[in-house]
Structure formats: structure tokens, C-alpha cells
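See structure below.
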Amino acid sequence: MVLTAKEWHDLHAAEYDASYKDMKWIEIYDRITWDRTIKPYLPDDRGALILDAGGGTGKWTIRIAELGYSVTLTDISEGMLRVAERKLAKANLLANVKIIAADVTEMDMFEDGSFDFVLCEGDPLSYCRDPKKGIKELVRVAKEGAIIVASVDNLYSRLMWNIRQGLLDQVGNLLEDQWATGEYPMYFFKPSELMERFSEKGCKVEKIVGKNIFSGGLGEDRLRDPDTFSGILKLEMKYCDDPYYVGCAGHIAVVCRKQGH
């Protein structure tokens, strides 16, 4: 039986963070995410309202709340949010954060233009039932002029993974509808498609970012070599926002700004 994204994350919430602990590729992924797609675009005003949509166990909510911002953390998985609540309590940050169970495609609890910065990190748009509707909702709840950051799974990377695994029978279907089933159904975006979807909803794309362009196929053993890790990290940070290389990345992120009418 194929689980839904909600069911899978509820089932694995308790050990979710531990499954990524000490992984070198995620260290690179997180460095790119924070340094190139989140920190430079956070509002100057610490009174700004931040949405972390599909924020899971609160990795980015915690880092943003530590800077003094008020954050609303949502996720479709109540299990993941319970873990986030414990982590926030331990960090003494619960006063800064509202925690709400919500699907990224159905955020009716928020009025239009509610947030000064909208984050959708960790690929919720790839895991939801209707990625187009998810994008529409992210743009709807953002204020005019607000930055929206969203990451997704990259179609080209998944195609190459299927080919390397000898799953040639699945390549045609993936090219046709861009859906595949791993732990749960996932939608894989083309980089151009991700930009187009936000542009057609009234956003100006500031940049597109690839995560991880060079380190995805190296494996943890090679990345644990300090010289290899240092060299790869420099390459990732130098070229992650070069649009010519983004198609090689396992994940892609768009940074865009909601335009006025």
C-alpha cells in the first residue's frame, strides 16, 4: 500500500531529524538554503510576520525565530509538528511561533496578504496533491512586495536516477506526467516550470538555485574526506545560483517577489 505524504511523515516523525544527522550532503544543502535563499531575503523589520509552510520539525522556523521574528509554522503532519513543538519549547522559542496543522494547498485560515515573507522549504510543493494550487496559496497569503522562497524536487535529477538504477520502464511515465512514487507520490518540477508557475501568479523571479549540483552523486564516504568536502562546498556555493547549472541539482529553489496589481 502506498502511503500519502501525511501518513509517511506522521509515521516517521519521531526519527525524522535523526535520519539526516551528520550527513554531509545535507550540510551542504542547508548551507545553500540558509546563505543563499533565506537569510539574505528576510525582512529588515524584526516585527515582520513569517510563514514557514510545510516546515515539518521546525528546522528553519527555529533559526528564523532565534533572530527575533514571529513565525507561523504549518505542516500537514501533526506528528512532525509535535516534534517541532518540543524543539521550540527546549529552545525557549514557543512565544515567537504559532503552530498550525495545514495543507499547503488549503490555507484558508490565513487572509490574503497576511505575511511579509513566505518560506516553503523541504519540497512540500512536490509532496502535495496539487502543486499548482499550492503555489497559488503561497502567493495569495504573501503581502505585495513580499519575498517567497520555495524548494522542490528536480525532474532532471530524478530521470537520471531512474536511468542509473536501470528503471528505464519508468522514465517514459515520468516524462509524461512528472509524478513518481517513492515513499509517497512526488511531483518533479522542471526548473523553467517552477519559475513560470510563480511568474504566472504575479511574482517576479529574483533567482533560481540548485541544491546540490555537484555533490549529489558522490556518496557520504567521499564527502567525509575533509579536502573533498571543502572543495565541493566551494563549488556548490559558487555555482548554486548560476541558472546554467541548476538543472543538474537534486533540488531546485525559486526566490521571487510578489508584485502589486
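Give me the Kirkwood hydrodynamic radius of segment 135-261, using the inverse of the mean 1/r over all pairs of distinct Cα atoms, in Å to one decimal.
Numbers: mean 1/r = 0.0627 Å⁻¹.
So the Kirkwood estimate lands at 15.9 Å.
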Mean separation of Cα contacts under 8 Å (at least 6 apart) over the residue count of the chain, i.e. the relative contact order in percent, is 21 percent
Within segment 22-83: Cβ-based charge dipole about Cα centre, in debye rounded to nearest 20 (Lys, Arg +1; Asp, Glu -1)
100 debye
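What order do you get for 121-131, 221-231 when each peptide is scored by the mean count of other beta carbon atoms within 10 Å, highest first?
On the way: 121-131: 22.8, 221-231: 12.4.
Top to bottom by mean Cβ count within 10 Å: 121-131, 221-231.
With respect to the cross-link table entries LYS21/LYS136; LYS39/LYS204; LYS211/LYS234; LYS24/LYS132, which display a Cα-Cα separation exceeding 25 Å?
Details: LYS21/LYS136 33 Å; LYS39/LYS204 19 Å; LYS211/LYS234 13 Å; LYS24/LYS132 32 Å.
Checking Cα-Cα distances, LYS21/LYS136; LYS24/LYS132 exceed 25 Å.
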Tell me, how many Å apart are the Cα centres for segment 43-118 and for segment 1-22?
19 Å
Whole-Å semi-axes of segment 57-210's equivalent ellipsoid, largest first, each the root of 5 times a Cα gyration tensor eigenvalue?
29, 19, 13
13 Å Cα-Cα reach of LYS190 towards aspartates and glutamates, excluding residues that sit fewer than 8 places from it in its own chain:
ASP153, GLU176, ASP177
Could you tell me the center-to-center distance, by alpha carbons, between segment 216-243 and segment 149-186 in angstrom?
23 Å
Among rounded, prolate and oblate, which fits segment 48-147 when a ≥ b ≥ c are the square roots of the eigenvalues of its C-alpha gyration tensor, a/c under 1.5 means rounded, and a/b larger than b/c means prolate?
oblate
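Placing unit charges on C-beta atoms (Lys and Arg positive, Asp and Glu negative, everything else neutral), compute the dipole magnitude of segment 99-209 about its Cα centre in debye, rounded to 20. Before the final figure, lay out the partial values.
Details: 13 positive and 20 negative charges, 69 e Å.
So the magnitude is around 340 debye.
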Rounded to the nearest 500, what is the 222 nm mean residue ellipticity of the chain from helices alone, with -39500 (n - 2.57) per DSSP H run of 4+ residues and division by all residues?
-12000 deg cm²/dmol
By its C-alpha gyration tensor, with a ≥ b ≥ c as the square roots of the eigenvalues, how is segment 183-250 shaped: rounded for a/c under 1.5, else prolate for a/b larger than b/c, else oblate?
oblate
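If you put +1 on each Lys and Arg Cβ and -1 on each Asp and Glu Cβ, how big is the dipole of the chain around its Cα centre, in Debye rounded to 20? All intermediate terms of the calculation are to be shown ahead of the outcome.
Details: 34 positive and 42 negative charges, 104 e Å.
So the dipole magnitude of the chain works out to roughly 500 debye.
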Using 7 Å Cα-to-Cβ label points, what is the ASP45/LYS21 separation (nm, one decimal)?
4.1 nm
Can you give the percent of C-alpha pairs in the chain whose distance is more than 31 Å?
21 percent
In terms of the charge dipole of segment 93-216, which places +1 on Lys and Arg and -1 on Asp and Glu at the beta carbon, the residue among ASN212, LEU168, ASN154 farthest towards the positive end is ASN212
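Only the coordinates and a few stated rules stand behind these numbers; no lab work does. Everything quoted here is computed from the prediction, not taken from an experiment. Because the Cβ atoms are built from the backbone with ideal geometry, glycine has one as well, and the counts that use them run over all protein chains shown.
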